[in-house]
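First comes the structure, then the notes that go with it.
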Amino acid sequence: MSDFDLVVRGGTVVDGSGAPPRTADVAVRDGVVVEVGRVDGTARRELDADGLLVTPGFVDIHTHFDGQATWDPELRPSSQHGVTTVAMGNCGVGFAPARPDRHDWLISLLEGVEDIPGTALAEGLTWGWESFPEYLDVLERLPRTIDVGAHVPHAALRTYVMGDRGADHLEHPTEGEVAEMARLVSEALAAGAIGFATSRTEVHRTSQGANIGTLQAGEAELLAIADAMAKAGTGVVQLISDAYQTTDDDFARRELALLEALARTS
């Protein structure tokens, strides 16, 4: 009987702790690393890693695999570069929640924001969902080489609740629409969303050049969502803001005050 399921022998181990690289064996049993150093036992499988790096799997916290994750179990090229977990839904763009009449618009938004070809998304997306929990169910059913996690994307959420008005950055939701957005974020977090993501930068536009609808989302909207996250007791906030590049000090102060309130409330 073998002592281990796997031993990776003679690689240069960089363990992520800040310790200097060292030549070592890595032994795995039942999916867990159980020994690092000189491993003398036998294994059902051995890999010669001489001249190669051996590292923990990388977690890529900012990706836009939201479409590709519904059809590609390998999520290349990330899986080919040592990434074992990805977070998506970043910058408030993604594909859930999504009413059937918003599919083309959501594709045009991701195409514009991230330069992902709309034709590839249109041909590859399965659209077997409407709500965010249903989207997670679709992701769960596909066998995977690496793990995925998804934020609730604000732009998709906004248009799901507000319709065409949600795509207009000059429009603001009613009290009822704000409450519904907060409810849907709570529902998504309970289903397994890793957080909420939004965008407040002029750079993010649809493929037709229109501003992202979340650009000037107001305090009532954002803090209601933050409050829902606080009550849920889980989730992170990811966002981008033009505060980092503006030359307008008054704008920067207002924007940073809003972001501070968002952090404190959540």
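Would you pull out the residues with amide H under 5 Å of Val54's amide H, same chain only if 5 or more places away, H placed 1.01 Å from N?
Here Thr12, Val13, Val14 satisfy the definition.
Which peptide among 147-159, 211-223 comes first, and what is the full order, when sorted by highest mean count of other Cβ atoms within 10 Å? Could you put the intermediate results ahead of the total?
Working: 147-159: 25.7, 211-223: 20.1.
Top of the packing list down: 147-159, 211-223.
Determine the share of the range 184-265's accessible area contributed by carbon and sulfur atoms, expressed in whole percent, with a 1.4 angstrom probe.
51 percent
Taking the Cα centre as origin and putting +1 on Lys and Arg beta-carbons and -1 on Asp and Glu beta-carbons, what dipole magnitude results for the range 126-266, to the nearest 20 debye?
With Lys and Arg at +1 and Asp and Glu at -1, about 360 debye.
Roughly how many whole Å is it from the C-alpha centroid of the range 150-205 to that of the range 238-266?
18 Å
Considering only DSSP beta bridges with both partners in the chain, what is the antiparallel share in %, to the nearest 5? All intermediate terms of the calculation are to be shown ahead of the outcome.
Numbers: 12 of 35 bridges.
Counting DSSP beta bridges with both partners in the chain, the antiparallel share is about 35 percent.
Amide H neighbours of Glu35 under 5 Å, at least 5 residues apart or on other chains, H built in the peptide plane: list them.
Ala27
Once fully extended, how much extra length lies between Leu53 and Asp104, figured as 0.36 nm per residue of separation less the alpha-carbon to alpha-carbon distance?
Full extension from Leu53 to Asp104 adds 14.1 nm.
Starting at the first residue of the range 37-43, write each ³J(HN,Hα) from the Karplus equation 6.51 cos²θ - 1.76 cosθ + 1.60 with θ = phi - 60°, in whole Hz, x for Gly and Pro.
x, 8, 9, 9, x, 9, 9
Rounded to the nearest 500, what is the chain's calculated 222 nm mean residue ellipticity when only DSSP H runs of at least 4 contribute -39500 (n - 2.57) each, over all residues? Don't skip to the answer; put the middle values down first.
On the way: 7 runs with 86 residues, N = 266.
Rounded to the nearest 500, the figure is -10000 deg cm²/dmol.
Any idea what % of Cα-Cα pairs in the range 190-266 are farther than 17 Å?
49 percent
Can you tally the net charge around Ala252? Count Lys and Arg as +1, Asp and Glu as -1, for every other residue whose Cβ sits under 15 Å from the Cβ of Ala252. List each step's numbers first, then the result.
On the way: positive: Arg200, Arg253, Arg254; negative: Glu202, Asp242, Asp248, Asp249, Asp250, Glu255, Glu260.
That sum, taken over residues with Cβ under 15 Å, equals -4.
Taking H as built 1.01 Å from N, whose amide H comes closer than 5 Å to the amide H of Asp147, not counting residues under 5 places away?
Sorted by chain and number, the residues that satisfy this are Thr85, Val86.
With a probe of 1.4 Å, find how much accessible area the chain has per residue, and write the answer as a whole number in Å².
Details: 13410 Å² over 266 residues.
Counting only protein heavy atoms, the per-residue value for the chain is 50 Å².
For the chain, place one equal point scatterer on every Cα, skip the solvent, and apply the Debye formula. What is log10 of I(q)/I(0) at q = 0.09, 0.12 Å⁻¹?
-0.50, -0.78
Once neighbouring chains are kept in place and the probe is 1.4 Å, which whole percent of the accessible area of the range 43-153 is contributed by carbon and sulfur?
Result for the range 43-153: 50 percent of the exposed heavy-atom area is carbon or sulfur.
The values are calculated or read from the model by the stated rules, or taken from the named source; none is laboratory data. Everything quoted here is computed from the prediction, not taken from an experiment. Cβ atoms come from the backbone with ideal geometry, glycine included; neighbour counts cover every protein chain shown. What goes into the accessible areas is simple: the full protein's heavy atoms, side chains included, and nothing from ligands, DNA or RNA. Shrake-Rupley method; radii C 1.70, N 1.55, O 1.52, S 1.80 Å.
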